[in-house]
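Undergrad: The following block contains the structure, expressed as structure tokens.
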Amino acid sequence: MSGHDSKYFSTTKKGEIPELKEELNSQYKDKRKDAVKKVIAAMTVGKDVSSLFTDVVNCMQTENLELKKLVYLYLINYAKSQPDLAILAVNTFVKDSQDPNPLIRALAVRTMGCIRVDKITEYLCDPLQRCLKDDDPYVRKTAAICVAKLYDINAELVEDRGFLESLKDLISDNNPMVVANAVAALAEIQENSNRPIFEMTSHTLTKLLTALNECTEWGQVFILDALSRYKAADAREAENIVERVTPRLQHANCAVVLSAVKMILQQMELITSTDVVRNLCKKMAPPLVTLLSAEPEIQYVALRNINLIVQRRPTILAHEIKVFFCKYNDPIYVKMEKLEIMIKLASDRNIDQVLLEFKEYATEVDVDFVRKAVRAIGRCAIKLERAAERCITVLLELIKIKVNYVVQEAIIVIKDIFRRYPNTYESIIATLCESLDTLDEPEAKASMIWIIGEYAERIDNADELLESFLESFPEEPAHVQLQLLTATVKLFLKKPTEGPQQMIQVVLNNATVETDNPDLRDRAYIYWRLLSTDPEAAKDVVLAEKPVISDDSNLLDSSLLDELLANIATLSSVYHKPPEAFVTRVKTSSPRPEDEEYGSETGNSESAADSAATGASPPPTSSGSVPYAAQRQPVPAPASPAAPVPDLLGDLIGLDNSAIVPVDQPAAPAGPPLPVLLPASTGQGLQISAQLTRRDGQIFYSILFENNTQVPLDGFMIQFNKNTFGLAAAGPLQVPQIQPGTSAGTLLPMVTFQNMSQGPPSSLLQVAVKNNQQPVWYFNDKIPLHVFFTEDGRMERANFLETWRSLPDSNEITKDFPGIVVGNVEATLDRLAATNMFFIAKRKHANQDVFYFSAKIPRGIPFLIELTTVVNTPGVKCAIKTPSPESAPLFFEAVETLLKD
Amino acid sequence: MPVAASAVYFLNLRGDVLINRLYRDDVGGNMVDAFRMHIMQTKELGTCPVRQIGGCSFFYMRISNVYIVIVVSSNANVACAFKFVVEAVALFKSYFGGAFDEDAIRNNFVLIYELLDEIMDFGYPQNLSPEILKLYITQEGVRSPFSSKPTDKPVPNATLQVTGAVGWRREGLVYKKNEVFLDIVESVNLLMSSKGSVLRCDVTGKILMKCFLSGMPDLKLGLNDKIGLEKESQIKSRPTKSGKTIELDDVTFHQCVNLTRFNSEKTVSFVPPDGEFELMKYRITEGVNLPFRVLPTIKELGRTRIEVNVKVKSVFGAKMFALGVVIKIPVPKQTAKTSFQVTSGRAKYNAAIDCLVWKIRKFPGQTEPTLSAEVELISTMTEKKSWTRPPIQMEFQVPMFTASGLRVRFLKVWEKSGYNTVEWVRYITKAGSYEIRC
């Protein structure tokens, strides 16, 4: 039987709040209870019921546990907005924490910990102290977690009041659940502190391993996760630990299994006996396979982890490839991951079966999945030399089906196969040429052109084929143009006859005179000069032997893999990114006095510098400057905040990726007015103002259209020309019809690295906008570099110094801004931090203040910044060091705007 | 860090918040808007269950007409989070008496808030066992068939039981008649190529148990699995005689089973929770007895006609029979007209799923009914890509049959009061994903 609470949602008469107020003060208990339920219902649907605070709190002193819980729930939600009134609740809390009923004692402490109001926190300490020593394990286990809550609010208080010691005592508690929660709390505190608080000794290890057998499934997860940080002294100890943990693999809870796997993998690194290792691998395989019969979401997590595990220990699942065969009804995200693992497990032994599967998938409905299946065949060919021929046979069969995107995908992978096995499979070129007309995707075209150029001497009509592409030369995307240029030169060198000679003239002319792409032009000039001065040298350059490629796509480098394996079952293992790449939270630990001297190399530091120095998450990796290998991964979530979704969806960004932008979103027009880019006088009455902005790690083009014409305007579309950062719209522009005299604003999500222009970096962004009523409007905008500053640009001080030293002096560039005054330092720092330019340290030099910052742009390029100024006096000197000095001018432009504001 | 959640939201399909509970301060209260805007309202929905938006990550699951969304901003334990959701839903279902949907949530929101407060603290999952929680979270609308105590008055030692070593069973249970029901439920998963060779085949089985036992009984279960039997004969130093033995690829157990003991002695011993629960799950890939063979021939005759012939053979004992057999044979979208002949059961064309659906209510062993159909297609002008044939799918249930050959050899019950127990065992095999490519 179920309840009938839904009635509490249905009071929407006028004066609802006064009515509730009256009911809350009713003399009848039941009525009060009902009223509180209504308040909670209103709170749930998002109504503001904070004005009832006093009335609700008055109901707190009750014998009725259900009512009490509701009031507490209300308090958790609203205490922060009413800190002064929240104090009214303290007395009841303190009283409840001494109630004879352990449920109420625990409830009081649990709730108090959730209320983040300083005044309440002060009163929490005494009850917490009592509860940590309570006779009842239920109260103790609740108090243990409460210490972690308090640490999050006020770390100093926890340390001063000795709660950490009490918490450590709880590890030896006789109740397994208390132990488990104490371990969870300590592990969390340790993670947020830079001092050793929870050190794993062999003594604690033994205690925890014992508790492991008795605690709840979740407790086992807490303990296993904490234990995975333990470094065994030698192989013997590691073997002992593993022996105690192995039984957990049989647990029905997937989180327990994955945490046990994590722990075993960690210890296995130390174990030297190959027998033991082989045996462990054998034991881990079945539980991992069993995870694939869980809910699809859990399967997904398991598959992402298995992907990591087989990279380190390929033998574990070497014989289980069949379990990764896709079921017809698997969700797409499960299928994609299974495919990836199938490629990793493919071997000479099972390739025939695998190919049959891939071929089957290549005829399914979902386009992205089909593409990935075709690509998988190619990757297997590159990986397994002996199977390459069979792979090609399958690809040719697929080409014969004549499904357009299958053909294109196949041609792309066949080009790679040619690279891997030169002079082996060229006999199939004729078949490929049959599909020439159907190619419409740039990557497929470029691949086909490469093949024609590379094998020009074996294709009788190579010149005709290339000529057919040349007709559309000016319209092609840059990399097709580059490919065409090179292919024509190759053709000419191989067959220096009249036809190719004419073609080369046309191409060189097109690529030097007609284009504004500097990269294309440069390459064309080089070829031109080579050909005209020394054709033999040209041959050596253009027809040089190419290094053989291998399939390294989606392989992680070993140190990153180590880190990810230590994070099995967590988000990090799902994203295939180290935690600091997506966890932006700054640690809350308050600076301790002794920290003040720490690292005073750059002068006297300030507290902000400390939190910056301690801010990054534990094991400091080189991730600050190394582009994550993960960016090349088909990470389903956006890889880094600014980068586009890499290639889960194939290459048709924009086809399946169109973000919908609500037009009525108030965010766009609010804030400072946008700069006018197309004045109404130029736009025949249409005025466009726009600016690039960054919000929540995503770049948007904030646009405002004002219609000063006499007719309604609709059918707005937008297009961006190639630019340095390859900025392009992530989806179509969503603007409704704009009536005369009105305006509409929108936030258009942008993607980067889509449509890159070559040559020196430039901040120019050329935009074209059209609508159904007017001609196309072109206007120019400036790309402010700071919209690319990523959220993960914060550097540790040590890392900063190291990076600064490691860069050659030639990478240091300085610029003066004589006109800029820094008035309020705090405000300036805040403003810079808001644009992801992170303050690291400050020092005094004579009367000048020197500030150090770090920032990072996509692809992991860091900027180390030094600003020198005298506060309140005009003149700022900016020195930067970066591996990419060519973007310095853009950077200075950005800094200037930021400082001017 | 095994934190599983900073906030939990329950949304309906429109994106309205039904329940929200913030456990940590590191995510804003408006995070649900980001989820609505960047996932629910885009094509991203359903493409990946773990997503990052800005500084927060979202994990979501859809259960009937409700989305359960977990938000975190730290490197949380995703496996833990999803498992928590699954278990929480099971818990709610056991409280509401079955259904978990938007209506059930609205009707029980007070209860859900109370439970959410209890089962997770600061993002760390706590005890989620329904049996124990029902001891002290007793909202109206809850009728536990086993509790006769008045509501609103918690059992005095509830807290000890929540945290106790046997955190899934309460003390002091008394039944007049002590009974145990065992259900062995197997799902056969099959993927067969069009040529009739088995591409993938496995059985996932579970043993469901219903216990009505007094006191704190110790149970021991014996199966005809190879390793268990070998161990047993080692201990008794004489061979145990029994017919067929089977090899389990993997077993997982309910938390009540002593895993360390299973690891060393290979015996399944446990103190069961009261009432119904899933004791264990197992998986078998070798020596699977497929209950059905499907032999399809589908011929495309020109561009507008398809000839379908499907023969289904039951390969279990002639005295047994399967129930609820459904065979779904895919046909192209542009199907215009169909005509059938079946030797058993009934068939019809279902345009919503583009399938010929052939149903046989009772299907005896060792028979082979056939379906032959003719399908006419609307001829389309546009030269579309050729029809990609989805696999034939089959549903069935075969009582008293296990595809794995698993048998319960014994179930022993010890309790200090020494009562007698009656044990009931049932077997049933169902179709998991039973697919035949054609």
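The values are calculated or read from the model by the stated rules, or taken from the named source; none is laboratory data. Keep in mind that what you see is a predicted model, and the values were worked out from it rather than measured. Backbone-built Cβ (ideal geometry, glycine too); neighbour counts: all protein chains shown.
Undergrad: Taking the criterion of being within 14 Å of chain B (Cβ to nearest Cβ), crowded, with 19+ Cβ neighbours inside 10 Å and at negative phi, would at least one residue in region A:699-717 satisfy it?
TA: To start, the set of residues in region A:699-717 that are within 14 Å of chain B (Cβ to nearest Cβ) comprises A:699-700.
Still in the list and also crowded, with 19+ Cβ neighbours inside 10 Å: A:699-700.
Okay, now just the ones that are also at negative phi, so A:699-700.
Yes, region A:699-717 contains a residue that is within 14 Å of chain B (Cβ to nearest Cβ), crowded, with 19+ Cβ neighbours inside 10 Å and at negative phi.
Undergrad: Of the residues A:Glu360, A:Glu389, A:Glu409, which is assigned by TED's automatic domain parsing to the domain that holds A:Tyr421 and either assigned to a loop (DSSP other than H, G, I, E, B) or surrounded by fewer than 17 Cβ atoms within 10 Å (Cβ to Cβ) (or both)?
TA: Working: A:Glu360 fails: either assigned to a loop (DSSP other than H, G, I, E, B) or surrounded by fewer than 17 Cβ atoms within 10 Å (Cβ to Cβ) (or both); A:Glu409 fails: either assigned to a loop (DSSP other than H, G, I, E, B) or surrounded by fewer than 17 Cβ atoms within 10 Å (Cβ to Cβ) (or both).
Result: A:Glu389 is the single residue among A:Glu360, A:Glu389, A:Glu409 that is assigned by TED's automatic domain parsing to the domain that holds A:Tyr421 and either assigned to a loop (DSSP other than H, G, I, E, B) or surrounded by fewer than 17 Cβ atoms within 10 Å (Cβ to Cβ) (or both).
Undergrad: Same structure, new question: Would you mind telling me which numbered condition in (1) free of Cβ contacts under 8 Å to residues at least 40 places away in the same chain; (2) surrounded by fewer than 14 Cβ atoms within 10 Å (Cβ to Cβ) B:Gly196 fails?
TA: Evaluating B:Gly196 over (1) free of Cβ contacts under 8 Å to residues at least 40 places away in the same chain; (2) surrounded by fewer than 14 Cβ atoms within 10 Å (Cβ to Cβ) leaves (1) as the failure.
Undergrad: Determine whether A:Ile298 is of a type in the set (A, V, I, L, M) and touching a residue at least 40 places away in the same chain (Cβ under 8 Å).
TA: yes
Undergrad: Right, here's the next one. I'm trying to understand the selection: among the residues of region B:377-402, which are at pLDDT 90 or above, in a loop (DSSP other than H, G, I, E, B) and within 14 Å of another protein chain (Cβ to nearest Cβ)?
TA: If the condition is that a residue be at pLDDT 90 or above, in a loop (DSSP other than H, G, I, E, B) and within 14 Å of another protein chain (Cβ to nearest Cβ), then B:Pro391 is the only one that fits.
Undergrad: Would you call A:Tyr28 of a type in the set (Ser, Thr, Tyr) and farther than 27 Å from A:Ala143 by Cβ?
TA: yes
Undergrad: Take the residues of region A:341-353 that are touching a Leu at 6+ places or on another chain (Cβ under 8 Å) and not hydroxyl-bearing (Ser, Thr, Tyr): which is nearest to the other protein chains (Cβ to nearest Cβ)?
TA: A:Gln353
Undergrad: Shifting gears a bit: I want to confirm something. Restricting to region B:19-45 and keeping residues that are within 7 Å of chain A (Cβ to nearest Cβ) and under 24 Å from B:Leu111 (Cα atoms), which single residue is surrounded by the most Cβ atoms within 10 Å (Cβ to Cβ)?
TA: Selected residue: B:Asn20.
Undergrad: Any residue at all in region A:317-335 that is surrounded by 21 or more Cβ atoms within 10 Å (Cβ to Cβ), without any contact (Cβ under 8 Å) to a residue 60 or more places away in the chain and more than 12 Å from every other protein chain (Cβ to nearest Cβ)?
TA: Yes, region A:317-335 contains a residue that is surrounded by 21 or more Cβ atoms within 10 Å (Cβ to Cβ), without any contact (Cβ under 8 Å) to a residue 60 or more places away in the chain and more than 12 Å from every other protein chain (Cβ to nearest Cβ).
Undergrad: Now for a separate question. Over 21 Å from A:Thr290 (Cα atoms), more than 12 Å from chain A (Cβ to nearest Cβ) and in contact (Cβ under 8 Å) with a residue 24 or more places away in the chain: is that true of B:Leu208 in this structure?
TA: no
Undergrad: Which ones in region A:425-453 are of a type in the set (S, T, N, Q) and in contact (Cβ under 8 Å) with a residue 24 or more places away in the chain?
TA: A:Thr431, A:Ser435, A:Thr438, A:Ser447
Undergrad: Now for a separate question. Being of a type outside the set (Gly, Ala, Ser) and under 27 Å from A:Glu385 (Cα atoms), is that true of even one residue in region A:460-481? Before you say what the answer is, go through the steps one by one.
TA: Taking region A:460-481 as the starting set, the residues that turn out to be of a type outside the set (Gly, Ala, Ser) are A:460-461, A:463-467, A:469-471, A:473-477, A:479-481.
Among the residues that remain, those that are also under 27 Å from A:Glu385 (Cα atoms) are: none.
Taking every residue of region A:460-481 in turn, none turns out to be of a type outside the set (Gly, Ala, Ser) and under 27 Å from A:Glu385 (Cα atoms).
Undergrad: While we're here: What are the pairs, 6+ residues apart or on separate chains, where a residue within region A:810-833 that is part of a helix (DSSP H, G or I) has its Cβ under 8 Å from a residue that is polar (S, T, N, Q)?
TA: A:Asn811/A:Thr882
Undergrad: Taking A:Val257 as meeting all but one of (1) touching a helix residue (DSSP H, G or I) at 6+ places or on another chain (Cβ under 8 Å); (2) without any contact (Cβ under 8 Å) to a residue 40 or more places away in the chain; (3) part of a helix (DSSP H, G or I); (4) more than 9 Å from chain B (Cβ to nearest Cβ), write down the number of the exception.
TA: In the conditions (1) touching a helix residue (DSSP H, G or I) at 6+ places or on another chain (Cβ under 8 Å); (2) without any contact (Cβ under 8 Å) to a residue 40 or more places away in the chain; (3) part of a helix (DSSP H, G or I); (4) more than 9 Å from chain B (Cβ to nearest Cβ), A:Val257 misses (4) alone.
Undergrad: If you go through region A:44-74 one residue at a time, how many are more than 30 Å from A:Pro100 (Cβ to Cβ), within 13 Å of chain B (Cβ to nearest Cβ) and crowded, with 20+ Cβ neighbours inside 10 Å?
TA: Here the count works out to 1.
Undergrad: Would you confirm whether any residue within region A:231-250 is under 19 Å from B:Ser264 (Cα atoms) and in contact with a strand residue (DSSP E or B) (Cβ under 6 Å, 6 or more places away or on another chain)?
TA: Checking region A:231-250: at least one residue is under 19 Å from B:Ser264 (Cα atoms) and in contact with a strand residue (DSSP E or B) (Cβ under 6 Å, 6 or more places away or on another chain).
Undergrad: Which ones in region B:311-340 are closer than 14 Å to B:Lys430 by Cα and crowded, with 18+ Cβ neighbours inside 10 Å?
TA: Listed by number, the residues that qualify are B:Ser314, B:Phe316, B:Phe321, B:Ala322, B:Val325, B:Ile327.
Undergrad: Which one of the conditions (1) outside any strand (DSSP E or B); (2) of a type in the set (Phe, Trp, Tyr); (3) loosely packed, with under 14 Cβ neighbours inside 10 Å does B:Tyr419 fail to meet, given that it meets all the rest?
TA: Single failed check for B:Tyr419: (3).
Undergrad: Let me ask something additional. Do any strands (runs of 3 or more DSSP E) lying entirely in region B:249-303 carry at least 3 residues that are touching a residue at least 60 places away in the same chain (Cβ under 8 Å), and which ones are they? Even if it seems obvious, please write down each step before you answer.
TA: On the way: elements: B:250-253, B:268-270, B:275-284, B:292-301.
In region B:249-303, B:275-284, B:292-301 are the strands (runs of 3 or more DSSP E) which contain 3 or more residues that are touching a residue at least 60 places away in the same chain (Cβ under 8 Å).
Undergrad: Another question, if that's okay. B:Ile68 - would you say it is surrounded by fewer than 19 Cβ atoms within 10 Å (Cβ to Cβ) and closer than 29 Å to A:Ala184 by Cβ?
TA: So B:Ile68 does not fit the description; no.
Undergrad: What's the number of the condition A:Val871 fails, among (1) modelled with pLDDT under 85; (2) closer than 16 Å to A:Ser763 by Cβ; (3) of a type outside the set (S, T, N, Q)?
TA: Here A:Val871 clears every test but (2).
Undergrad: Can you spot a residue in region B:46-58 that is of a type outside the set (Phe, Trp, Tyr), outside any loop (DSSP other than H, G, I, E, B), surrounded by fewer than 19 Cβ atoms within 10 Å (Cβ to Cβ) and within 8 Å of chain A (Cβ to nearest Cβ)?
TA: no
Undergrad: Do the conditions hold for B:Phe262, that is, is it crowded, with 19+ Cβ neighbours inside 10 Å, within 30 Å of B:Tyr175 (Cβ to Cβ) and modelled with pLDDT under 90?
TA: Working: crowded, with 19+ Cβ neighbours inside 10 Å: yes; within 30 Å of B:Tyr175 (Cβ to Cβ): yes; modelled with pLDDT under 90: yes.
Against the criterion (crowded, with 19+ Cβ neighbours inside 10 Å, within 30 Å of B:Tyr175 (Cβ to Cβ) and modelled with pLDDT under 90), B:Phe262 qualifies.
Here's the yes/no breakdown for (1) modelled with pLDDT of 95 or more; (2) more than 10 Å from chain B (Cβ to nearest Cβ); (3) more than 30 Å from A:Asp330 (Cα to Cα); (4) in contact with a Leu (Cβ under 8 Å, 6 or more places away or on another chain):
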| site | (1), (2), (3), (4) |
| --- | --- |
| A:Leu270 | no, yes, yes, no |
| A:Ser273 | no, yes, yes, no |
| A:Ile298 | yes, no, no, yes |
| A:Asn305 | yes, no, no, yes |
| A:Pro314 | no, yes, no, yes |
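Undergrad: Tell me, which helices (runs of 4 or more DSSP H) lie completely within region B:98-176 with 2 or more residues that are modelled with pLDDT of 75 or more and touching a Lys or Arg at 6+ places or on another chain (Cβ under 6 Å)?
TA: Hits in region B:98-176: B:109-119.
Undergrad: Look through region A:755-786, keep the residues that are among the hydroxyl-bearing types (Ser, Thr, Tyr) and assigned to a loop (DSSP other than H, G, I, E, B), and return whichever of them is surrounded by the fewest Cβ atoms within 10 Å (Cβ to Cβ). Spell out the reasoning first.
TA: Of region A:755-786, the ones among the hydroxyl-bearing types (Ser, Thr, Tyr) are A:757, A:762-763, A:778.
Restricting the remaining residues to those that are assigned to a loop (DSSP other than H, G, I, E, B) gives A:757, A:762-763.
Values: A:Ser757: 20, A:Ser762: 16, A:Ser763: 18.
So, considering only residues that are among the hydroxyl-bearing types (Ser, Thr, Tyr) and assigned to a loop (DSSP other than H, G, I, E, B), the one surrounded by the fewest Cβ atoms within 10 Å (Cβ to Cβ) is A:Ser762.
Undergrad: Spot the failing condition for A:Asn77; the list is (1) more than 19 Å from B:Leu111 (Cβ to Cβ); (2) at pLDDT 85 or above, and only one is missed.
TA: Looking at each condition in turn, A:Asn77 falls short on (1).
Undergrad: Identify all residues within region A:733-748 that are buried (at least 21 other Cβ atoms within 10 Å of the Cβ) and assigned to a loop (DSSP other than H, G, I, E, B); write none if there are none.
TA: Result: A:Val735, single match.
Undergrad: Now, a different point. Quick check: anything in region A:267-274 more than 20 Å from A:Asn213 (Cβ to Cβ), touching a residue at least 12 places away in the same chain (Cβ under 8 Å) and in a helix (DSSP H, G or I)?
TA: The answer is yes; a qualifying residue exists.
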